Every structure is written in C-alpha cells, then in structure tokens.
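Student: Dumping the structure here so I can ask a few things about it.
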Amino acid sequence: MEKLVLLLLVLVSGLGSSAQYPFEKFKAIRYSTFADWKTEVGKDSLPVKRMIEIPSFTNGTTLKIEQILKISLPDSLDYAEMNLYSNGDLVKTFEVGTRSISDPLPVYVSDIDDNGRKDIKILFPNYGCGAFNYYCQTVFLFQKTDGSFDDFTFSDICEEFENRPERDFDNDGKFEIITQTFQNYGKHNYWLFNVYGYSEGKLVNLNRLADYPIMIPLLSHEVSKKIPKKKMKEFAIATPLK
C-alpha cells in the first residue's frame, strides 16, 4: 500500500502546473523569505546547530533563529531546541521534532493575523521513505503585541516540498492556514484539507468560512463528487496539533 501511495504521489507531482486546488482562488499571503541558514557539524559530520538571521524585523529589530539538535541519528526523527533572539536577547525557546539531515526550507515572514506584527513560518521536510517523504514539520510563530511569540508545530503534507501559502477566505485581512493530510474512504485515498486561524493564543478550526473540509482524489485537483458534503464534514479535524 505504501508503494502504491508513493507512486500516486509521483504521478500527482507530474500533473500540469495549471491545475489549481479550490482554495487557490482566494487571496494568498505575500511572504518575505530568508534562506541563508548557517550549519555547524559535529565530529561525526552530522549537523549539530543551524542559525539564520532576519534583519529589519518588527520595529527594526534583528531576529536570530537557532536550531540546536539534541539527538542526531541519520535515520531517526530527532528533537531540536529552537531559540529565538531579538537583538541578542533570548525571547523564546521551544522544541520541534525534525531530522538532523533535513535542511529547513526558507523562513517565511509576514503578518499572518493582521495585528501589525510580523509572524514566522518554517518548514522542516522529513525526507523519509514512501508517503512519509511528503510530510513536513510545520512551525508557526505568531508575534503578539508585546513582542513575545506563540508557537505551534504540527505535521503536514508539503507537495514537492513547497510552501502552501495561507489564504484570506473572508477578506478580513487575516490569513487562514490550510492543512493537507491523507484520508482513506471507500477503499480510496484522498487529500483532506482543513482550515484554521490564529485567535487569542490558539489555533482554531475555521472550516465554516468556506464549507470545508474538502476531499480531493490524489490524482485530481477537484473536490470529489462521490462523497456527500455531509460525509466530508465527519472528517473535520478540530486541531492540527497532536
């Protein structure tokens, strides 16, 4: 089954770039991207630390993101300590599960929740085998008005290891997060998409904004017509967090 899913994923990746998912009709967020990660390696030539600096962050501050790998095994999902420094002062520490050999994608910076403060998104590809290869550890850091951050980490599918931009479903200036997961139904595999937003320090389900979740066959970009909308709603995921 895993080999079949992997084959389907490869076929999906080969579809024309003109095909669009339904949510792509909504306004996409515009990010500034930063990709100059610096890596330090240990005696075994495996990474032990990664760092990146983001100049001209909120109010002209320089933000430094530091990833310190706590476990470093080539074929394992490791744990890393993430540290955020604002003008040299430590302002946030949290942990994320990632692989030591997996270089993060660029850091994405924008005001996702429209509070006048820049937020951060980081994707850590798993680079595993089979279907696992398509998953990323997705990190969101929402900056509050006092300069502190709320962090959220969850596993999500990143097709072709590309960022899926957030969308403004209701034109309120706030951008919603779209998650993508596998869902089996009726002996068939589907992409399952749910919608979330950041509110009062939490990630809340906002499927109601666009009558989500939706289920799309792996070889398509269109919502399945074989599954009643009422049935799709049974697969709604309250939170992407585990």
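Student: How high is the relative contact order of the stretch 31-161? Use alpha-carbon pairs under 8 Å, at least six apart in sequence, and give a whole percent.
Tutor: Numbers: 305 pairs, mean separation 21.3, N = 131.
RCO, the stretch 31-161: 16 percent.
Student: Compute the signed sum of charges (Lys and Arg +1, Asp and Glu -1) over the other residues within less than 14 Å, Cβ to Cβ, of Gly42. Mind dumping the intermediate values first?
Tutor: Details: positive: Lys43, Lys49, Arg50, Lys70; negative: Glu40, Asp44, Asp78.
After counting each charged neighbour, the total is +1.
Student: Turning to a different aspect of this structure: If you scale each eigenvalue of the Cα gyration tensor by 5 and take the root, what three semi-axes come out for the chain, rounded to whole angstrom and sorted largest first?
Tutor: On the way: eigenvalues 189, 112, 42 Å².
Whole-Å semi-axes of the equivalent ellipsoid: 31, 24, 15.
Student: Using 7 Å Cα-to-Cβ label points, what is the Asp114/Ala238 separation (nm, one decimal)?
Tutor: About 2.8 nm, to one decimal.
Student: Could the peptides 187-193, 91-97 be put in order, highest first, of the mean number of other beta-carbon atoms found within 10 Å of their residues? Write out the running numbers ahead of the final one.
Tutor: Working: 187-193: 18.3, 91-97: 15.4.
Highest to lowest by the protection proxy: 187-193, 91-97.
Student: Could you give the angle, 0 to 90 degrees to the nearest 10, between helix 2-13's Cα long axis and the longest principal axis of the Cα atoms of the chain?
Tutor: 90 degrees
Student: Hey, can you grab everything whose amide H is under 5 Å from the amide H of Glu95? Only 5+ residues off in sequence or another chain; H modelled, so Pro and N-termini drop out.
Tutor: Under 5 Å from the amide H of Glu95 lie the amide H atoms of Met82, each far enough along the sequence or on another chain.
Student: Quickly estimate the mean residue ellipticity at 222 nm for the chain, helices only: each DSSP H run with n ≥ 4 gives -39500 (n - 2.57), and the total goes over all residues, rounded to 500.
Tutor: Working: 2 runs with 17 residues, N = 242.
It lands at -2000 deg cm²/dmol.
Student: Once you list every other residue whose beta carbon is under 11 Å from the beta carbon of Phe23, what net charge do they have if Lys and Arg are +1 and Asp and Glu are -1?
Tutor: Numbers: positive: Lys25, Lys27, Arg164, Arg167; negative: Glu24, Glu166, Asp168, Glu176.
Value of the local net charge: 0.
Every number in this text was worked out from the coordinates using simple rules, so none of it is lab data. What you see is a predicted model, and the numbers here were worked out from it, not measured in a lab. When we count neighbours, we look across all protein chains shown, and the Cβ atoms used for this are built from the backbone with ideal geometry, even at glycine.
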